[in-house]
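Novice: Would you mind keeping the following structure in view while I ask a few things?
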Amino acid sequence: MDYLRWSSLLITLSTGVFTIPARATLAWDSSQEPLTDSYFDPAACPDYTAYAQYPHRPLSKGPLELPYQRPHRRCRTFHSDAIEDVIEKITGRMKDPDLARLFENAFPSTTDTTVKFHTDGKTDSGEKKKKAKKPHYNNRGYGNMYADEDDGAWEGPQSFIITGDILAEWLRDSTNQLKPYQPVANKDPHIFNLILGAINTQSEYVIESPYCNAFQPPPISGLPVSMNGQDDVVHPIYEPSVVFECKYELDSLGHFLALTNDFFEHTESTKFLNPRWYKALDSVLRVLEAQSEGTFDEGGQFRRNEYTFQRKTTIGTETLNLGGIGNPLNNGTGLVRSAFRPSDDATIFGFFIPANAQMSVELKRTAAILRSTQKKADKSLAETLEGWSKKIRDGIYEHGVVRHRKYGEVFAYEVDGYGSSLLMDDANYPSLLALPLMGFVSKDDEIYKNTRKMLLEKASNPYYLVGSDFKGIGGPHIGLQNAWPMSLLVQAQTSDDDKEIMECVELVLKASKLGLIHESIDVNWSTSYTRSWFAWANGVFAQTILDLAKRKPHLIFSSSSPFEM
């Protein structure tokens with residue numbers, strides 16, 4: 001039976017229990033007939049965390065028989081005709097039905113399952129904004145300070161995008177989840193407003209706590225606030241009703257700029273240029289200024305960093321040493337500190353090169369937007385951003401390029417400005433492998449080519465993992481047996497070799513038995529994975545297929561004509 005009618009289903013899973021009410025019709029696959037508006041109860045929609053752990057019909061017609069994992073259309077969190085059109089056009093041309101099914105499930109994953117709140121700003125949604133004072137708590141969860149809400153906060157379109165099984169928004173994840181939809185923002189007003197809303201929402205987060213990486217639902221959404229269960233001691237203190245986690249990751253701010261820059265690139269719209277966005281940009285610049293300082297001043301005296309983080313944990317990568325400060329960093333490098341990596345793991349040497357490269361690129365792109373307005377104030381601000389971009393780029397080439405005994409000059413993963421460096425890569429974006437994707441170098445750059453060879457060999461990258469079932473770059477976040485499909489997808493996007501590309505794609509395809517891209521895969525047992533529902537990874541897969549459809553159509557299509565969104 002492909003769906004349930006007039007029944008009650010109680011399923012006990014390792015992740016918990018959910019109940020489907022008796023008074024509902026629930027679709028388990030696309031063959032379910034439409035429900036009438038008067039008959040449908042939204043409470044009938046299953047929890048997708050549990051739903052994604054099991055296969056659902058109809059199965060693909062390829063040898064892998066991949067399941068159809070999209071929720072019933074009435075259970076989806078957002079709809080776009082443009083997205084449905086892309087799915088139909090891409091899958092209709094693909095020669096591998098299993099690959100087509102994986103794209104069909106993965107491309108709309110964010111809109112289907114993770115848009116937990118969206119408003120176009122024209123009508124009231126959730127709780128009305130209050131001009132009254134709101135409570136502010138310290139990072140231990142208590143306090144009695146009060147502050148007035150800023151004028152203009154939470155106005156206009158707003159979008160709250162979660163990454164999967166946690167009701168919180170990561171700046172990095174949400175930006176990458178929306179990236180595959182940026183090319184259709186100029187065609188579909190719904191996607192236009194969704195991404196504009198995401199920019200506005202991220203602006204509020206960056207204004208509130210620019211050092212933090214993950215945030216609670218907007219106060220106007222009416223969604224519940226959840227705690228991460230950690231006992232963190234962080235400076236600057238943050239408001240726990242706004243912040244879910246406060247790990248300072250430079251790439252979070254880089255992704256805020258990237259979301260804006262991609263939107264402008266595809267729409268040429270500057271609707272996001274409101275006072276709140278400018279205030280968020282000012283917050284970014286203040287962080288760059290503070291985090292470009294060394295651990296000791298010019299006179300050799302200790303200078304306590306503005307940001308510190310301590311967590312009670314037995315996992316070394318979950319906290320910073322030296323009382324939450326991290327290892328010492330030198331002065332005058334031009335680089336910007338990042339306390340944590342995009343994997344949410346602590347850096348060893350705080351000058352994290354991939355995030356510095358991303359920030360350099362995005363600052364220059366943002367400057368171009370400001371110059372396009374022809375406003376004197378924007379021109380001055382653009383000059384400031386360009387100055388930071390150049391300073392960081394120069395710092396990377398001065399301190400972040402080191403000599404490898406086998407490969408010659410390569411980009412280091414992390415440095416401290418004193419001469420110490422870390423040679424490795426992590427699957428999470430930004431990474432060294434992804435430097436061309438972020439626009440820092442071309443794929444033909446000699447230093448990058450040397451670096452790429454180093455990263456894709458076990459003998460020179462400790463986190464390049466190879467097993468009997470799977471291989472790829474992993475990282476300390478999951479452990480020493482799990483590689484991330486995301487790394488193979490980035491490898492495919494940065495390669496021009498057809499054989500290498502298809503090997504990466506096929507490894508990911510065969511490891512995606514539930515029809516979705518997992519966070520990580522055990523290299524010796526591909527049926528063992530972390531996270532069945534991980535929208536960021538699904539977005540990277542969709543981006544890879546769209547890249548191949550344009551750049552290498554013969555690899556996935558029956559014909560060699562490219563697909564343009």
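Novice: Being surrounded by fewer than 17 Cβ atoms within 10 Å (Cβ to Cβ) and modelled with pLDDT of 95 or more narrows it down to one of LEU281, LEU322, LEU288, so name that one.
Specialist: Details: LEU281 fails: surrounded by fewer than 17 Cβ atoms within 10 Å (Cβ to Cβ); LEU288 fails: surrounded by fewer than 17 Cβ atoms within 10 Å (Cβ to Cβ).
Result: LEU322 is the single residue among LEU281, LEU322, LEU288 that is surrounded by fewer than 17 Cβ atoms within 10 Å (Cβ to Cβ) and modelled with pLDDT of 95 or more.
Novice: Look at GLU84 and say whether it is at positive phi, open to solvent by 20 Å² or more (accessible area, probe 1.4 Å), out of contact with any Asp or Glu (no Cβ under 6 Å at 6 or more places or on another chain) and at pLDDT 95 or above. Step through it out loud before you land on a result.
Specialist: Values: at positive phi: no; open to solvent by 20 Å² or more (accessible area, probe 1.4 Å): yes; out of contact with any Asp or Glu (no Cβ under 6 Å at 6 or more places or on another chain): yes; at pLDDT 95 or above: yes.
So GLU84 does not fit the description; no.
Novice: I would also like to ask the following. Can you confirm whether ARG365 is without any contact (Cβ under 8 Å) to a residue 40 or more places away in the chain and of a type in the set (Lys, Arg)? Please lay out each step first, then the result.
Specialist: Values: without any contact (Cβ under 8 Å) to a residue 40 or more places away in the chain: no; of a type in the set (Lys, Arg): yes.
No.
Novice: Residues of region 327-351 being touching a strand residue (DSSP E or B) at 6+ places or on another chain (Cβ under 8 Å) and over 23 Å from GLY479 (Cβ atoms), which ones?
Specialist: If the condition is that a residue be touching a strand residue (DSSP E or B) at 6+ places or on another chain (Cβ under 8 Å) and over 23 Å from GLY479 (Cβ atoms), then PRO328, LEU329, ASN331, THR333, LEU335, VAL336, ARG337, GLY350, PHE351 are the ones that fit.
Novice: Something else about it: On the given criteria, is VAL441 open to solvent by 10 Å² or more (accessible area, probe 1.4 Å), assigned to a loop (DSSP other than H, G, I, E, B), among the aliphatic types (A, V, I, L, M) and at pLDDT 95 or above?
Specialist: So VAL441 passes the test.
So that you can scan it fast, the table gives a plain yes or no per residue for (1) in contact with a Cys (Cβ under 7 Å, 6 or more places away or on another chain); (2) of a type in the set (Phe, Trp, Tyr); (3) part of a helix (DSSP H, G or I):
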site	(1), (2), (3)
HIS56	no, no, no
LEU66	no, no, no
PHE78	no, yes, no
GLU104	no, no, yes
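Novice: Let me ask something else about it. Within region 159-175, identify whether any single residue is open to solvent by less than 10 Å² (accessible area, probe 1.4 Å) and at pLDDT below 95, and answer yes or no.
Specialist: Yes, because at least one residue in region 159-175 is open to solvent by less than 10 Å² (accessible area, probe 1.4 Å) and at pLDDT below 95.
Novice: On to the next question. When both residues are 6+ apart or on different chains and their Cβ atoms are under 7 Å apart, which pairs have a first residue that lies in region 320-332 and is in contact (Cβ under 8 Å) with a residue 60 or more places away in the chain, and a second that is hydroxyl-bearing (Ser, Thr, Tyr)?
Specialist: GLY324/THR308; PRO328/THR295; LEU329/THR295; ASN330/TYR418
Novice: Between GLU409, GLU446, which is touching a strand residue (DSSP E or B) at 6+ places or on another chain (Cβ under 7 Å) and open to solvent by 10 Å² or more (accessible area, probe 1.4 Å)?
Specialist: GLU409
Novice: Tally time: how many residues in region 529-557 are modelled with pLDDT of 95 or more, in contact with a strand residue (DSSP E or B) (Cβ under 9 Å, 6 or more places away or on another chain) and open to solvent by 40 Å² or more (accessible area, probe 1.4 Å)?
Specialist: Summing the residues that are modelled with pLDDT of 95 or more, in contact with a strand residue (DSSP E or B) (Cβ under 9 Å, 6 or more places away or on another chain) and open to solvent by 40 Å² or more (accessible area, probe 1.4 Å) in region 529-557 gives 1.
Novice: Still on this structure, please answer the following. Looking only at region 301-310, which residues are open to solvent by less than 40 Å² (accessible area, probe 1.4 Å) and more than 23 Å from the chain's Cα centre (by Cα)? Let's see the steps before the verdict.
Specialist: Residues of region 301-310 that are open to solvent by less than 40 Å² (accessible area, probe 1.4 Å), as a first pass: 305, 307-309.
ASN305, THR308 - these are the residues of region 301-310 that are open to solvent by less than 40 Å² (accessible area, probe 1.4 Å) and more than 23 Å from the chain's Cα centre (by Cα).
The values are calculated or read from the model by the stated rules, or taken from the named source; none is laboratory data. What you see is a predicted model; the values in this text were computed from it and never measured. Please note: Cβ atoms are built from the backbone with ideal geometry, for glycine as well, and neighbour counts cover all protein chains shown. The area values use the complete protein model at the heavy-atom level, side chains included, leaving out ligands, DNA and RNA. Shrake-Rupley method; radii C 1.70, N 1.55, O 1.52, S 1.80 Å.
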